[in-house]
Each structure stands twice: as structure tokens, then as C-alpha cells.
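Working notes, structure below.
The values are calculated or read from the model by the stated rules, or taken from the named source; none is laboratory data. Everything numeric here is computed off the predicted structure, so don't read it as measured data. Please note: Cβ atoms are built from the backbone with ideal geometry, for glycine as well, and neighbour counts cover all protein chains shown.
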Amino acid sequence: MPTWIIVAALLLVNAPVLAGPWDKLREDGVHDPRSPAINRLQEPGDALSKLTPDSAGNMVRWVQSLEKGEINPRANLRPDTKIRLYDSDVMLNLNGGMPMVKFPHRQHTLWLDCANCHDHLFKAEAGANKLSMLAILNGEQCGVCHGAVSFPLTECFRCHNTAKPGGKPPRPSLPIAIPAGAVPPK
């Protein structure tokens, strides 16, 4: 059995232990601990520790938490907004060296309205978008959320998740963030 499978299995067993702890608001370097408003804010650990754990990014598997009903995001701010659920995957990176990206519209539209991405981040037309990992790493395109709110960009195989026709299947994402420059186990 390859070593990386054994390591991944051990990490999966211990994943709940790896999640958290989150910094207290008074100690996170973002919030002013002298502000009287700090007592009105919920501590991240109080809210996030109840959600499906992850070992990367902000330590939460948001899509799984959504699907399990652990969270119920607000669908809209205005009652007249029509909710549009798009239940179709889009295949991306058909010609690059990495495995293809199967972009799950359903999971994104359960959370976000189409207008969050279309047409200022992405054109709503097949083949109309030139995706770039450099742009994504610079906080553009997918990088507007991934790397900021959603799982980090070090989790390559969460997006590059589908083998090309005749290609090898992608390696599963380890439940850890791989530091830049590190070589994953073979």
C-alpha cells in the first residue's frame, strides 16, 4: 500500500482533532480588544467548532456543513430576489497539465446568487473565460473566495478533481494544507 494512503488515512481519523482552535477575538490581531463592541461579537470557536471540521484554511468544510443542515445561509437580502439554483457541473482545464476541474454549480448556487460571479468575474457563456492560476492566486476569478473565505488554494485536488479522458485519476486531496514548495508523498 502506498505510503501516502496510510498517511491520508491516519490524518482522516484524526481530522476532528486537527480542526481549530480559533483565536479569541481579543487576541486575533484584527479586532481591537479595547473596543466595547468586542463583547457583542460571537467568538469564532463558539460558532465554527459545531461545523464539519477541516484541517485547512478556516478549519470548516463549508459545503458539507451546508448539505448537513449545520448552516442555513440567507438566500437573499431583498424579498423580491428570485432564487436560482443551477444544478449542472462545468468541466474546466480541459487542456492543462493538471487534472480537470469539475466546477459544481449546485453547491455554489445553494450559497450564492448567480450575480455574485456573473458577469463581472466570469461570463455566463461556455468557453468565454480564460482562467489563470496566476490570476486566481492574485485573488481574482476563483481566488476572490478561495483563499479568503473558502478552502485555501493549497488544496489543489479539491478543484482539480477529474481525470482527463485516458488520463490517470487525480490523487485525492490530503486532509492537510501542503506548504508551498513541499512535495506530497508518493
### Query
Quick one: Q64 ticks every box in (1) under 24 Å from P169 (Cα atoms); (2) in the same structural domain as G167 (by TED's automatic domain parsing); (3) at pLDDT 90 or above bar one, so which box is it?
(2)
### Message
Take the conditions in a helix (DSSP H, G or I), modelled with pLDDT under 95, over 16 Å from the mean Cα position of the chain (by Cα) and surrounded by 12 or more Cβ atoms within 10 Å (Cβ to Cβ) and apply them to G20. Does it pass?
### Response
no
### Query
Residues of the range 125-145 being of a type outside the set (S, T, N, Q), exposed (fewer than 14 other Cβ atoms within 10 Å of the Cβ), outside any helix (DSSP H, G or I) and out of contact with any strand residue (DSSP E or B) (no Cβ under 9 Å at 6 or more places or on another chain), which ones?
E125, G127, K130, E140
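For the range 95-125, name all the residues that are of a type in the set (A, V, I, L, M) and within 23 Å of R78 (Cβ to Cβ).
Narrowing the range 95-125 to residues of a type in the set (A, V, I, L, M): 98, 100-101, 110, 112, 115, 121, 124.
Across the range 95-125, the qualifying residues are L110, L112, A115, L121, A124.
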### Query
Within the range 73-83, can you find the residues that are within 21 Å of the chain's Cα centre (by Cα) and either within 14 Å of H105 (Cβ to Cβ) or of a type in the set (A, V, I, L, M) (or both)?
A75
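In this structure, does S55 turn out to be under 17 Å from the mean Cα position of the chain (by Cα), surrounded by 13 or more Cβ atoms within 10 Å (Cβ to Cβ) and touching a residue at least 60 places away in the same chain (Cβ under 8 Å)?
Working: under 17 Å from the mean Cα position of the chain (by Cα): yes; surrounded by 13 or more Cβ atoms within 10 Å (Cβ to Cβ): yes; touching a residue at least 60 places away in the same chain (Cβ under 8 Å): yes.
Yes; evaluated as a whole, the condition is true for this residue.
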### Task
Assess whether G139 counts as being modelled with pLDDT under 85, over 20 Å from V90 (Cα atoms) and not assigned by TED's automatic domain parsing to the domain that holds E67.
no
### Query
Of all residues in the range 87-110, how many are surrounded by 15 or more Cβ atoms within 10 Å (Cβ to Cβ) and either part of a strand (DSSP E or B) or among the aromatic types (F, W, Y) (or both)?
5
